[in-house]
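Report on the structure given below.
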Amino acid sequence: EYTVGPTLGEGAFGLVASCKQTKTGEEFAVKFIDKVETPVAAIYKEAEMLANLDHPNVVKFHGVFFERCFVCIVMSIYQGGDLVEGLQRHLKSKGLINPFAAVPAETQICASVEYLMSNSVVHRDIKGDNYLMDRPDITDPECAIVLTDFGTATSLKPGERLDSAVGTKIFWSPEFYDRCYGLKVDVWAMGVITYGLLSGRFPFRDEKDVKNKEVRLPKRTHPVCEEFIRHMLSKDEGARLTARQARWHPWLSEFGPKGLGGLNSSESEDGEANSELREQKVTEDVQERRKELMSRLAAEHDVRKGSAGARKQVVSDHYLNAHFTLPDRVTEGATFIYEWWGEEKARAAKLFDQQARGTPLTEEGRDLHLFRKMLQDHNIDTEVFGVGKAKKLEQLNDEVHSGACRLMLDATKHKTIVRVVDVVLFRLRSADGPSGRLLIETEERFADGRTRDTGRLPGTKKEPHENSRQTAERILQELSLSVKQVSMDLSNVLRFEEETDSPSYPGVRTVYRKEIVEAVLKVVDTSAMMSMGLPSYSAWSASGTKGAKTFNWWTEETARAKGLKFRATSAEAVSALVRAPIGLNEEQLQEELAGNGIDLSLYGQKDKTVTLKQFSAELCRGESTLVKDPEKGLLRVVDLIMLVVMNRDAGSVLTQVAHQSPNGTRTVL
């Protein structure tokens with residue numbers, strides 16, 4: 001029904017893009033709510049609440065749509081950005097906002113909360129980021145402002161108190177920190193916004209400030225305005241203004257643009273304004289995940305429309321040049337510079353001596369602390385590991401480190417980690433065309449005498465060091481066939497995923513990522529054909545170190561009737577699995593470093609050390625990990641893979657010589 005346009009913004013729970021209604025061409029905004037970050041039940045609640053609200057200062061709801069990884073809420077579009085962007089633009093071009101010029105915006109903010117409070121609704125995430133404007137100029141008296149993002153909003157019964165820790169902490173009131181609060185937490189948050197509009201700063205930094213620090217307003221603040229802010233920021237919840245009292249306070253009802261001539265809009269006696277008035281931004285790993293899921297969403301719609309596969313891979317011969325550049329896939333706008341060096345120059349630069357520059361990390365240095373925490377953060381009870389038939393946590397950790405499996409996020413669900421195992425299957429036909437039958441493994445006999453019915457395509461797990469061809473060739477060996485006896489089509493590998501329970505690891509579902517390689521048996525000698533049950537299509541067996549397997553030749557109709565799956569549905573054709581959050585956010589990193597006796601003040605020193613935010617982003621991207629060594633303490637571990645690409649004819653080696661950042665700064669590697 002809608003065509004999605006460019007992204008307008010991104011928040012903790014998802015991203016917002018423009019969209020046009022297909023039939024009318026009318027433009028709207030669509031909020032893509034990330035199922036990983038928000039339970040579907042909570043998204044339902046937000047959509048239902050928005051549908052029941054109707055006020056000029058509350059964003060208008062137009063519909064909800066459910067995709068595999070997102071829930072999409074269509075709303076009216078506002079092209080002026082959010083309140084924080086409007087304030088930042090004003091600070092940059094004109095300085096601080098004249099208090100009188102901010103009255104129209106403050107009036108609309110109070111009107112939105114007054115409407116909610118009159119309907120016994122508490123928003124719990126009132127902040128500048130969640131107010132949208134219909135034009136860029138925040139001081140334009142005609143600028144319309146609406147409240148958005150109702151993911152934390154809830155209805156209150158008379159006298160009811162809440163205890164959930166939601167929203168954005170820097171906007172929390174004292175009772176919010178005490179986990180016993182009501183409707184007036186939104187009034188406190190309005191006070192924080194109003195203070196920020198006038199001073200360009202937050203009034204408080206943390207819980208200690210909120211509960212103890214007195215509000216300091218710029219000297220230029222009008223007495224009536226000062227009273228307005230102080231009463232919204234009253235630490236005594238009972239003495240704090242209601243939303244209605246704030247909406248009809250003399251500062252809003254009697255003052256406004258008429259008083260603009262009284263003050264210089266850019267003067268400030270209280271120091272520099274803070275140009276960054278957001279408490280937190282979405283971490284880079286979450287941004288990358290959403291970007292990837294949005295591209296998969298488009299691919300999924302292509303599959304449904306039958307247009308998938310229309311794009312052909314572009315083959316480039318850039319590597320033939322003496323030097324060339326390629327984009328950095330992590331940092332947008334950055335590039336890597338490559339050159340072909342002669343072997344003599346490469347050896348002089350000791351390119352081939354990389355493995356001698358360090359010592360491998362011992363197994364004793366592997367720490368389960370962060371691994372356990374990551375599982376627990378995704379609602380997995382690690383205490384049941386190693387109990388009964390369940391394997392130990394160390395065994396899962398070893399599987400992940402060895403590459404035998406991967407842990408990934410299922411983006412169709414809320415904070416759900418799955419264990420992913422790669423499998424290659426053979427769809428081997430006895431002959432080309434409709435007359436050819438499929439080779440099916442029907443029984444497995446173990447070395448200890450146990451048997452089980454299988455009914456599946458022949459296949460095996462892909463080893464960490466293997467590609468699909470190598471695994472397929474290993475399957476052929478187990479079938480006592482050679483590569484020359486089959487014709488494999490590796491250019492058209494079918495892929496899909498199947499999820500099952502994992503008794504070895506309770507609470508962790510296992511997803512088998514299956515690749516089906518199409519193959520046709522070539523004509524072989526009569527004895528070889530008979531050993532494989534041909535041409536009579538009779539059962540035959542193949543033995544290995546772990547036992548023996550029985551195979552039969554089935555028609556495709558028989559295989560389908562018995563429930564064998566050969567290809568993905570339209571939705572399954574595009575994976576919903578994404579990289580798990582393997583790192584630490586900035587707050588978690590601070591705790592981890594401080595807990596290991598590391599001086600946090602050493603971080604963020606200009607031109608010397610990275611900031612904690614940069615360190616956290618590196619960990620979340622998987623570029624490094626933290627490991628606690630019994631002797632050396634906390635270690636930053638970086639895994640490097642050295643790929644040696646040689647041009648034998650020219651006697652040269654490909655060398656990554658430099659990295660160029662988006663601002664043009666070049667770092668020699």
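Observations, loosely collected:
- Residue match in the range 80-92 (condition: among the basic types (Lys, Arg) and either farther than 29 Å from Phe202 by Cβ or buried (at least 21 other Cβ atoms within 10 Å of the Cβ) (or both)): no
- Contact annotation: residue pairs with Cβ atoms under 7 Å, 6 or more positions apart or on different chains, pairing a residue in the range 545-557 that is loosely packed, with under 14 Cβ neighbours inside 10 Å with a partner that is not in a strand (DSSP E or B), are Lys546/Ala447.
- Taken over the range 1-52, residues that are of a type in the set (A, V, I, L, M, F, W, C) and part of a strand (DSSP E or B) amount to 11.
- Selection within the range 255-267 - at pLDDT 50 or above and outside any helix (DSSP H, G or I): Phe255, Gly256
- Of Gly86, Gly95, Gly80, all but one fail to be in contact (Cβ under 8 Å) with a residue 60 or more places away in the chain and over 27 Å from the mean Cα position of the chain (by Cα); the exception is Gly95.
- Residues that are free of Cβ contacts under 8 Å to residues at least 40 places away in the same chain and either surrounded by 19 or more Cβ atoms within 10 Å (Cβ to Cβ) or acidic (Asp, Glu) (or both), drawn from the range 587-613: Glu587, Leu589, Glu591, Asp599, Asp607
- Inclusion of Ile170 among residues that are among the aliphatic types (A, V, I, L, M), part of a helix (DSSP H, G or I) and under 28 Å from the mean Cα position of the chain (by Cα) is warranted.
- When residues of the range 426-466 are limited to those that are in a strand (DSSP E or B) and of a type in the set (Gly, Ala, Ser), the one nearest to the chain's Cα centre (by Cα): Gly459
- For the range 146-166, the set of residues classified as assigned to a loop (DSSP other than H, G, I, E, B) and either within 29 Å of the chain's Cα centre (by Cα) or among the basic types (Lys, Arg) (or both) consists of Thr148, Asp149, Phe150, Gly151, Thr152, Ala153, Lys157, Arg161, Asp163, Ser164, Ala165, Val166, listed by residue number.
- Residue that is over 32 Å from the mean Cα position of the chain (by Cα) and not in a loop (DSSP other than H, G, I, E, B), where the choices are Leu252, Leu241, Leu217: Leu252
- Candidates Ala568, Ala580: the one that is closer than 26 Å to Thr331 by Cβ, touching a Leu at 6+ places or on another chain (Cβ under 8 Å), at pLDDT below 85 and buried (at least 17 other Cβ atoms within 10 Å of the Cβ) is Ala580.
- Just one of the listed residues (Ser575, Ser616) is surrounded by 13 or more Cβ atoms within 10 Å (Cβ to Cβ), touching a residue at least 60 places away in the same chain (Cβ under 8 Å) and assigned to a helix (DSSP H, G or I), and it is Ser616.
- The criterion of being touching a residue at least 40 places away in the same chain (Cβ under 8 Å) and under 16 Å from Ala559 (Cα atoms) holds for Arg427.
- Residue ID - modelled with the highest pLDDT, chosen from residues in the range 298-328 that are more than 24 Å from Val4 (Cα to Cα) and among the charged types (D, E, K, R): Asp328
- Of everything listed in (1) surrounded by 15 or more Cβ atoms within 10 Å (Cβ to Cβ); (2) touching a residue at least 60 places away in the same chain (Cβ under 8 Å); (3) more than 30 Å from Lys373 (Cα to Cα); (4) not hydroxyl-bearing (Ser, Thr, Tyr), the single unmet condition for Leu476 is (2).
- Scanning the range 268-296 for residues that are over 21 Å from Leu619 (Cβ atoms) and either touching a helix residue (DSSP H, G or I) at 6+ places or on another chain (Cβ under 7 Å) or at pLDDT below 75 (or both) yields Ser268, Glu269, Asp270, Gly271, Glu272, Ala273, Asn274, Ser275, Glu276, Leu277, Arg278.
- Those residues of the range 494-516 which are without any contact (Cβ under 8 Å) to a residue 24 or more places away in the chain and assigned to a strand (DSSP E or B), in sequence order: Thr500
- Residue in the range 398-413 that is part of a helix (DSSP H, G or I), touching a helix residue (DSSP H, G or I) at 6+ places or on another chain (Cβ under 8 Å) and either over 25 Å from Arg290 (Cα atoms) or of a type in the set (Phe, Trp, Tyr) (or both) present: no
- Among the residues of the range 117-145, those that are touching a strand residue (DSSP E or B) at 6+ places or on another chain (Cβ under 7 Å) and part of a helix (DSSP H, G or I) comprise Gly128, Asp129, Asn130.
The values are calculated or read from the model by the stated rules, or taken from the named source; none is laboratory data. In this text, all values refer to a predicted model and were calculated from it rather than measured experimentally. Heads up, the Cβs are rebuilt from the backbone with ideal geometry, glycines too, and the neighbour counts pull from every protein chain shown.
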